[in-house]
Amino acid sequence: MSEVAIRIDGLKKQYRLGTISAGTLRGDIQSWWARKRGKEDPNSIIGEKQRIVGEKLWALNGVTFEVKKGEAVGIIGMNGAGKSTLLKILSRVTSPTEGEVEIHGRVSSMLEVGTGFHPELTGRENIYLNGAILGMSRKEVDSKMADIIEFSECGDFIDTPVKRYSSGMYVKLAFSVAAHLDADIMIMDEVLAVGDMKFQQKCLGKMGDSAEKDGKTVLYVSHNMNTIRQLCTRCIVLNQGQVIFDGDTEKAIEMYVGAFDVSENTVTLDDMERREEFKGNKVTMSKLEMLDGKNGHYTVGDKMELILTTYSEHDIDKYFTRAIIKHVNGDGVTMMKTAGDHSYKVGDNKRKMNIDISMLAPGSYTLSFVQFEVNDYGTDGYLDGLHNVYTFVVEPSMDFNAKMEWKSKYWGYVVGKDIVEEDVM
């Protein structure tokens with residue numbers, strides 16, 4: 001257990017923003033000429049900010065740590081913290097700008113769905129391909145073929161070209177290959193989110209066994225804190241390309257959760273990114289105004305009062321609004337919807353809402369909204385939806401939990417009410 005599997009010293013990776021080409025010589029010349037004249041880049045995507053040409057970005061800036069053989073280490077941090085860049089360097093997908101990386105053993109990586117697979121080859125042929133990349137002989141791959149196919153649950157389709165696989169099937173086969181071939185180090189980057197719940201648990205169990213029983217080293221990146229907690233005994237927190245914590249998993253999760261900024265009383269919603277199913281609709285949630293004046297800070301027992309402004313391009317007879325509260329680690333806590341159906345008129349529509357958060361335990365949470373239309377037959381149709389539009393924190397009240405720190409790991413996210421008792425004659 002004392003043997004070092006990965007040693008990283010002063011690792012840095014620098015990118016130059018705006019140097020990605022348009023894909024063709026003609027497009028590159030167009031972009032260069034537009035910049036030369038101070039004009040807008042004709043090849044930029046509408047709605048995206050203009051690239052800042054020549055500016056340098058340190059995706060990693062002096063990362064140093066060691067991972068011992070047989071350890072399962074989680075790597076967490078906000079988007080853009082440098083997690084994926086770190087794993088790409090360890091997987092030799094890209095090279096570092098500065099610093100040293102020592103890797104002792106074969107590395108098997110899953111950086112995104114379908115990485116390392118050739119779409120025209122069958123599942124079986126891709127297994128042989130991955131084995132060859134790891135330096136294994138055909139005989140060695142044959143000895144593990146049955147176990148790989150059984151674990152992947154893709155036996156009926158193993159001789160079908162993988163270009164016909166769903167994303168879930170890709171993940172199942174890719175993980176099975178990574179877990180069963182003779183690699184000493186497994187690197188996983190948020191890939192299990194595509195698989196179903198049952199297979200996720202199966203994968204986590206396999207990774208745990210690989211570390212504990214087989215002595216494999218596991219590096220696992222995820223935004224799901226429950227899977228980090230379940231698999232890893234040690235966790236590294238990255239922020240702006242630097243290691244800000246390396247140690248106990250629970251303490252790392254607390255630091256990660258505490259890094260979320262709470263929202264102000266007024267939040268503009270027009271330009272927030274929508275998921276695909278909510279794009280192109282004629283209803284847009286445009287503004288969220290909190291009437292309680294809390295600026296994202298509540299105590300146990302408080303309630304939320306807010307106004308949600310929605311712009312509609314046409315009249316809508318019946319609609320509902322659903323509010324979803326999640327813990328910042330991604331766990332769902334509760335969901336509620338408006339009591340009755342309401343209507344929208346063309347233009348801005350303001351609705352006052354009261355959301356009961358009095359039962360939430362101390363912690364950090366996000367609020368999301370989904371609006372949907374209901375026709376005469378009771379069928380739902382999405383109008384608009386925004387996830388994690390409002391981040392807030394709940395602090396202990398004076399009469400709650402005065403002597404003991406609340407641990408969501410053991411107690412969950414909802415506070416129970418006192419039991420009402422009376423004598424029975």
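Taking the solvent-accessible surface of protein heavy atoms with a 1.4 Å probe, what is the per residue accessible area of region 46-188 in Å²? Write down the numbers at each step before the final one.
Working: 7020 Å² over 143 residues.
Averaged over the residues of region 46-188, the accessible area is 49 Å².
Hey, which of these cross-link pairs are over 20 Å Cα-Cα: Lys172/Lys202; Lys12/Lys88; Lys69/Lys139; Lys68/Lys216; Lys303/Lys352; Lys68/Lys198? Kindly include the intermediate steps, with their values, before the conclusion.
Working: Lys172/Lys202 10 Å; Lys12/Lys88 13 Å; Lys69/Lys139 27 Å; Lys68/Lys216 10 Å; Lys303/Lys352 13 Å; Lys68/Lys198 30 Å.
Going by Cα-Cα distance, Lys69/Lys139; Lys68/Lys198 fall outside the 20 Å limit.
Lys/Arg Cβ at +1, Asp/Glu Cβ at -1, dipole of the chain taken about the Cα centre: which of Thr284, Phe117, Phe175 is farthest positive-ward?
Positive-most Cα among the choices belongs to Phe117.
Please get the size of the charge dipole for region 168-292, origin at its Cα centre, with Cβ charges of +1 on Lys and Arg and -1 on Asp and Glu, quoted in debye to the nearest 20. Walk me through the numbers on the way to the answer.
Numbers: 14 positive and 21 negative charges, 109 e Å.
Using Cβ point charges on Lys, Arg, Asp and Glu, region 168-292 gives about 520 debye.
Work out the charge dipole of the chain with +1 on the Cβ of Lys and Arg and -1 on the Cβ of Asp and Glu about the Cα centre, then indicate which of Ala81, Asn375, Ala361 is farthest towards its positive end.
Positive-end residue among those listed: Ala81.
Might you work out the accessible area of Ile158 for me, using a 1.4 Å probe with all protein chains in place, and round it to the nearest 10 Å²?
Accessible area of Ile158: about 10 Å².
Write down the accessible area per residue of region 268-340 in Å², having rolled a 1.4 Å probe over the full set of protein chains. Walk me through the numbers before you get to the answer.
Numbers: 3740 Å² over 73 residues.
For region 268-340, the solvent-accessible area averages 51 Å² per residue.
Only four residue types carry charge here, +1 at the Cβ of Lys and Arg and -1 at the Cβ of Asp and Glu. Report the dipole size of region 130-197 about the Cα centre in Debye, rounded to the nearest 20.
Working: 6 positive and 12 negative charges, 56 e Å.
Magnitude of the dipole: close to 280 debye.
Using a 1.4 angstrom probe on the protein heavy atoms only, line up Val394, Val4 by accessible area, largest first.
Numbers: Val394 5, Val4 25 Å².
Ranked from most to least accessible, the order is Val4, Val394.
How would Arg164, Arg322 rank on accessible area, largest to smallest, probe 1.4 Å? Mind dumping the intermediate values first?
Details: Arg164 165, Arg322 60 Å².
So, going from the largest accessible area down, we get Arg164, Arg322.
Where the centre of each part is set by its Cα atoms, how far does region 254-317 sit from region 133-197, in angstrom?
Going from one Cα centre to the other spans 41 Å.
Under the rule of -39500 (n - 2.57) per DSSP H run of 4 or more residues, summed and divided by the residues of the chain, what mean residue ellipticity at 222 nm is obtained, to the nearest 500 deg cm²/dmol? Intermediate results must be reported in sequence, preceding the final value.
On the way: 9 runs with 97 residues, N = 425.
Mean residue ellipticity, 222 nm, calculated: -7000 deg cm²/dmol.
For the chain, take N as its residue count and report Rg(C-alpha) divided by 2.2 N^0.38 Å. Show your work: numbers first, answer last.
Working: Rg = 25.4 Å, N = 425, 2.2 N^0.38 = 21.9 Å.
In units of the 2.2 N^0.38 Å rule of thumb, it is 1.16.
Quick one: Debye curve from the C-alpha atoms of region 225-286, no solvent, what's log10 I(q)/I(0) at q = 0.11, 0.21 Å⁻¹?
-0.48, -0.83
Using the membrane-span-like helix rule (whole DSSP H runs, Cα extent along the own axis of at least 18 Å, mean Kyte-Doolittle hydropathy at least 0.5), which helices of the chain qualify? Can you show the working numbers first?
Details: long enough: 138-152 (20 Å, -0.55); 167-180 (20 Å, 0.85); 197-212 (23 Å, -0.79).
Span-like helices, by this rule, are 167-180.
Can you send over the solvent-accessible area of Ser108, 1.4 Å probe, protein chains only, in Å² to the nearest 10?
Rounded to the nearest 10, that gives 10 Å².
Could you please state how large a percent of the accessible area of the chain is carbon and sulfur, counting protein chains only and using a 1.4 Å probe?
Working: 11340 of 23270 Å².
Its accessible area is 49 percent carbon and sulfur atoms.
In the chain, if the dipole is taken from +1 on Lys/Arg beta carbons and -1 on Asp/Glu beta carbons about the Cα centre, which of Phe245, Ser343, Ala132 is farthest to the positive end?
Farthest along the dipole direction, towards plus: Ala132.
Among the lysines, select those whose C-alpha is under 16 Å from the C-alpha of Lys39, and discard any that sit fewer than 8 residues away in the same chain.
Cα-Cα hits under 16 Å: Lys49.
Suppose every Lys and Arg Cβ carries +1 and every Asp and Glu Cβ carries -1, with no other charges. What dipole size does the chain come out with about its Cα centre, to the nearest 20 debye?
Working: 52 positive and 63 negative charges, 310 e Å.
Dipole of the chain, to the nearest 20 debye: 1500 debye.
Please compute, over every Cα-Cα pair in region 53-129, the percentage with a separation greater than 21 angstrom.
Details: 1248 of 2926 pairs.
When every Cα pair of region 53-129 is considered, 43 percent fall beyond 21 Å.
The values are calculated or read from the model by the stated rules, or taken from the named source; none is laboratory data. Predicted model, so just to flag it, every value in this text is computed and none were measured. Because the Cβ atoms are built from the backbone with ideal geometry, glycine has one as well, and the counts that use them run over all protein chains shown. Side chains included, ligands, DNA and RNA excluded: accessible areas come from the protein's heavy atoms. Shrake-Rupley method; radii C 1.70, N 1.55, O 1.52, S 1.80 Å.
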